[in-house]
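Okay, structure first, notes after.
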Number of protein chains: 2
Amino acid sequence: MLLGLHRGASATLHEQLEARLRELVRGGQLPAGMRLPSSRALATALGVSRGIVLEAYAQLVAEGYLTATQGAPTRVAATAAVERPPLPAGSLNDDRRARLAPDVPDLAAFPREAWMRSVRAALREAPVRALADADPRGVPELRNALMEYLVRARAAAPEPEHVLISSGFTQGFAVLSEVLAARGLEAIAVESPGWPRHRLIAERSGLQPVAIDVDAHGLRVDQLADSGCEAVVVTPAHQYPTGVVLGAERRAELLEWAEDGDGLIIEDDYDSELRYDRAGVGALQGLAPERVCHIGSVSKRMAPGLRLGWTLSPSWLTGPLTYEQAVSGSGAAVPAQLALADYIARGDLDRHLRRMRVRYAAARERLLAALAAALPGARVGGVAAGLFVPVALPAARAGAGARAGAGGLLGIGEPVGAGGIDLLLGFAGYSEAAIADAVAMLAARVHRCTD
Amino acid sequence: MLLGLHRGASATLHEQLEARLRELVRGGQLPAGMRLPSSRALATALGVSRGIVLEAYAQLVAEGYLTATQGAPTRVAATAAVERPPLPAGSLNDDRRARLAPDVPDLAAFPREAWMRSVRAALREAPVRALADADPRGVPELRNALMEYLVRARAAAPEPEHVLISSGFTQGFAVLSEVLAARGLEAIAVESPGWPRHRLIAERSGLQPVAIDVDAHGLRVDQLADSGCEAVVVTPAHQYPTGVVLGAERRAELLEWAEDGDGLIIEDDYDSELRYDRAGVGALQGLAPERVCHIGSVSKRMAPGLRLGWTLSPSWLTGPLTYEQAVSGSGAAVPAQLALADYIARGDLDRHLRRMRVRYAAARERLLAALAAALPGARVGGVAAGLFVPVALPAARAGAGARAGAGGLLGIGEPVGAGGIDLLLGFAGYSEAAIADAVAMLAARVHRCTD
């Protein structure tokens, strides 16, 4: 047997022996049923102490690769070889290169080092109690940190008792939809055009989505009032997908609607710190904490894969949200919660967002320039913010180019086909060349469709 | 201003200045509206370069602690001071000391160092695509690692396409309950006595729990057949709370029930590797992968706070489970998934469980000895496994002691009051002295109740 142990390698002899034996059994080089040398014989052959071999054998017996019964020789276990082919790891990277995805931040710029520092601090300092995951609302450390962060970054008015940690917007809104449905709500107003997932999540809880138009000033609050709905989900700081900001008058009207009619505003605050022309508008929640359920996450701010978000609940909803969160078993892992608390407290979230704003603003400008050059008739909407640019293609609204864009036939960006927008184009994480390539491809396809 | 910067400290001068200024604003020592010295003046006063001060000011402006407009001096922002009192961190540690909680592993023995090694490797090596969280079923790396682990550790028969990563048993079962209810299931059989949360989760999805008795051989499959239920949730390897193992005949009957009547067995595999007298019985899933939905997690194996679990789905349920997982926004964070994949591949999960089995077996023996000495009439049930010992108090079933135990009046362990069990007592993570104290307290309270 070529076990190839190296003294002085970074792994100990025991680790090396264990890993090598495991590999040989897994790979089938040591077939099922094969008798292994006695620990004494192997130790002598390898020139190591017998204890090292005994420990490796014991571990591999515990793992099920080997079998050993008192007095009998150690053998390779029958069930040890796994014959099912493993799943291939995906290659989303390559797919994204020319797609200009409008909903994913620059993941290559993810602050691995700073995040690692916070993860390490969190795991080192986590009190033992935290590992028990006792409070479905999340750990106090993060709820305190978010309270402080959202006051200054979003002009929100959170009470720590009513901050709930979620595993992202979808989870936070799903829990809320369940609670509202259980309280007898039947319909919920959604923006039109809007984020399709708002509808899907609401429908999952049996809520009927009611479409309310969005114009250049955001949600048509007059239509909302006429709809008879008692709850609405909005994206006031940066409407998805039109990119407009809810105007000052509309904000006042919306808050009045909630006050007068006992309505609930669900504020989807997905990317508000990513504003490139000025500071983002403050959260609605700060103006009416008992009328607004505010939901945010790190998905656009850092990375969706972290699965961390927050809900600022009106006090009257905190109890039911907490129960639903507990009994649905959703919510974020404790070490990740503690890491985010540390990351915020060090100022690292602000620092990351500052850095991203500079990068994203420049990438957005490059996209606009490429569009202006290759598709001079395309119109771009919305404010300078977030991760997407809404685009109306040069062929008139009813034209073939627009239909192709709306149908996703162009294969670039995200099709919309509503509100005068054909496509959302992303720019985050794409190089100047990748943007130019994708826009050239888009222009060629549009011209093909309209010729 | 006493900014106290130290050259040669582990933090850079810039980090120190930023942290110190943030602290002074937060603490109110620099009041709102106060004008700060110019960057030039402060740099001179501190003997540092002006760039360091400019960078710290810029970061704190971005964080909202300071305001700066072109040409005007930098000032402390008006909204910067947070006046709400933060939440206190809990002290579950102390509470647990004498409680003998039966459902929490020894969290002080959590393998922080080995876990940290895997977290570090995962974060360093995570492909960029992974941070996008594209597949609601989880990352391929962990689904492959679990496939391999569950074959050898649980004699399961997982197909990687049908492994879903969850954030724990509750989340996995909640998603399954939603899917079953949406497919028209109305009732679900649960064990009696059983884990109360099985009922709560099922009821949340509108499923009616139907109680099926448990005896010394586990679930009464004859009763299940008579119930007309089409699905049942069971704990075959270690029934909660009676501690019995589903007997060989019952296993065969249960699988036959599923085959003959197109029934679904939901296997709650919460602690099966924690068996102290022999190897745990294999998973039912390995015998009938299309009839069994197998759900496990790291909650008892490592720590509930990690919020990581797995579901081995019958192939016909994978699609709906995947959709429900996506639209409920539940599921585990990607870095944690990758860390668990690494942790399993290194053999560290097996190693940790080996270590815990030795510790838990000894702690369990200490509890049994303390009980025998202080409450000689108490009867202990179940096999040598898991984190709890089922106890029937010495006063006969209908006695005052039993009622007090069942009502939780004794304040030790977890009250049951069914199936001839008054209490579950835990032992994991308690010192010999803590166990002796708690048992003495229990004995005194039982005697008080029965005198």
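Summary table
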item	result
Every residue from the range B:129-178 that is closer than 17 Å to B:A333 by Cβ, part of a helix (DSSP H, G or I) and within 7 Å of another protein chain (Cβ to nearest Cβ)	B:R129, B:A130, B:L131, B:A132, B:P140, B:E141, B:R143, B:T170, B:Q171
Criterion: of a type in the set (S, T, N, Q) and open to solvent by less than 10 Å² (accessible area, probe 1.4 Å) - qualifying residue of B:S313, B:S299	B:S313
Conditions (1) at pLDDT below 95; (2) touching a Pro at 6+ places or on another chain (Cβ under 7 Å); number of the one not met by B:L287	(2)
Selected residue [open to solvent by less than 50 Å² (accessible area, probe 1.4 Å) and either in a loop (DSSP other than H, G, I, E, B) or over 18 Å from A:V292 (Cβ atoms) (or both)] from A:V190, A:V244	A:V244
Single residue of A:A283, A:A279 found to be of a type in the set (A, V, I, L, M), within 13 Å of chain B (Cβ to nearest Cβ) and open to solvent by less than 30 Å² (accessible area, probe 1.4 Å)	A:A283
Residue check for A:E186: of a type outside the set (A, V, I, L, M) and over 30 Å from B:Q59 (Cα atoms)	yes
Pairs with Cβ under 9 Å, 6+ apart, first in the range B:279-293 and in contact (Cβ under 8 Å) with a residue 24 or more places away in the chain, second surrounded by fewer than 18 Cβ atoms within 10 Å (Cβ to Cβ) and in a loop (DSSP other than H, G, I, E, B)	B:P289/B:E159; B:R291/B:D262
Test: residue in the range A:337-344 that is in contact with a Ser or Thr (Cβ under 9 Å, 6 or more places away or on another chain) and hydroxyl-bearing (S, T, Y)	yes
Complete set of residues in the range A:330-360 that are more than 14 Å from every other protein chain (Cβ to nearest Cβ) and open to solvent by 10 Å² or more (accessible area, probe 1.4 Å)	A:R359
Filter result for B:A231 (open to solvent by less than 10 Å² (accessible area, probe 1.4 Å), within 25 Å of A:S328 (Cβ to Cβ) and over 24 Å from the mean Cα position of the chain (by Cα))	yes
Which numbered condition A:G329 fails, given (1) at pLDDT below 95; (2) within 30 Å of A:A108 (Cβ to Cβ)	(2)
Tally, over the range B:98-126, of residues that are at the interface with chain A (Cβ under 7 Å from one of its Cβ atoms) and part of a loop (DSSP other than H, G, I, E, B)	2
Residues (more than 14 Å from chain B (Cβ to nearest Cβ) and either modelled with pLDDT under 85 or within 17 Å of B:R278 (Cα to Cα) (or both)) located in the range A:50-76	A:G71, A:A72
Those residues of the range A:324-356 which are of a type outside the set (A, V, I, L, M) and closer than 29 Å to B:A58 by Cβ, in sequence order	A:Q337, A:D342, A:Y343, A:R346, A:G347, A:D348, A:D350, A:R351, A:H352, A:R354, A:R355
B:V389 vs. criteria open to solvent by less than 10 Å² (accessible area, probe 1.4 Å), within 30 Å of B:H217 (Cα to Cα) and in contact (Cβ under 8 Å) with a residue 40 or more places away in the chain	yes
Of the criteria (1) more than 11 Å from every other protein chain (Cβ to nearest Cβ); (2) without any contact (Cβ under 8 Å) to a residue 40 or more places away in the chain, which one A:P193 fails	(2)
Members of the range B:37-71 that are open to solvent by 50 Å² or more (accessible area, probe 1.4 Å) and not in a helix (DSSP H, G or I)	B:S38, B:S49, B:T67, B:A68, B:T69, B:Q70, B:G71
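The values are calculated or read from the model by the stated rules, or taken from the named source; none is laboratory data. Remember, predicted model here, so these are calculated numbers, not experimental data. Every residue, glycine as well, gets a Cβ built from its backbone with ideal geometry; the counts of neighbours run over all protein chains shown. Surface accessibility is based on the protein's heavy atoms, side chains included, excluding ligands, DNA and RNA. Shrake-Rupley method; radii C 1.70, N 1.55, O 1.52, S 1.80 Å.
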